Amino acid sequence: MTKPTATIAVLAALVCAVGAFYWAHGIGSSPRVSKAQPAEVSAASAVPGNLGLSVQPAPPTIAEPGRAPSSSTEATVPFRAGEVLEFAADVAKLSNVANLRLQIVDRRNFFGKSAWHLQAFARTENPLRMMFELDDQFDSYSDATTLASLQYEMHLNERGEKQESIQRMTTTGAEHAAANATQTRVVAGTRDPLGLMQYLRTVDWEKVREVRGPVYDGHKLYDVRAAYAGAAGGISVPAGTFATSKIDLRVFDAGVELKDAHFTLYLAGNPARTPVLLEAVMPFATARVALVKMK
């Protein structure tokens, strides 16, 4: 598996398919998180200043990077503190190779800004676990209005090797960071994968047909575009059968689309716009990450 494919698999995995990526991660190669990082890492140089975006005429409506879906986003987000979503990943002909838990911890003051604390936990299951033991945790502190990333953390435990990365996002270099955090310079409006997942739930897909913006996956900055692909009724997952909105995800690196992987997200038509299924088609396998339980 090529390095770009591995990296974008990370991105898609944390949108709602960690299991699919880590199956590939166990048999392929991907960037590793280093304990020793420079005082400041620049992600902004990963893409041109305009992110390779071109403004499309309406319709469809397009939400620009960093822009809140509405002025009342903070009060009207479909998710809530305490929400927990559990998923299982099937890869190729292997069932339940990994599980993923996404949760909304709370909304808090983060260095003077109102922020959502988002978490994801990924764990491989047997028989994959016998070959590749993985227990990873990801934390995001995302702006309560735009869901732009304020801090992104990766706490990795893979094959018994533990690695830590705490990255404080900055557009100016003036943002305060804790002593154990690395300042990472990004363009305004950058989201991390967990923030992107929740942001897609805030979009009114009956009115907005495409959203796009910069996403930093912990290693590199990408331009991600999500487009409404129509209604999909009768999507069956272990948690039940849902009428959904089908969202196609496209990823660009320095303005060039990565064409060796394709991802489709299905959001339920319920008030919470719950993510119920993500399908990932990659060169090495096809993955299906389905909702098992929600509370």
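Descriptive notes on the structure:
- For the cross-link pairs 246/293; 93/162; 162/246, the ones whose C-alpha atoms lie over 26 Å apart are 93/162; 162/246.
- Whole-angstrom gap from segment 243-295 to segment 139-202, using each part's C-alpha centre: 21
- Neighbour-limited loop hits for trypsin sites (Lys or Arg not before Pro), segment 149-248 (at most 15 other Cβ within 10 Å; DSSP other than H, G, I, E, B): 159, 207
- Proxy reagent accessibility, fewest Cβ within 10 Å first, across 228, 216, 199, 152: 228, 199, 216, 152
- With neighbour counts taken as other beta-carbon atoms within 10 Å, the residues 258, 128, 196 rank, fewest first, as 258, 128, 196.
- If the convex hull is drawn through the Cα atoms of segment 201-295, its volume per residue in Å³: 121
Since every read-out is calculated from the coordinates, none of them should be taken as a lab result. Bear in mind the structure is a predicted one, so any value in this text is a computation, not a measurement. No Cβ is skipped: glycine too gets one built from the backbone with ideal geometry, and neighbour counts run over all protein chains shown.
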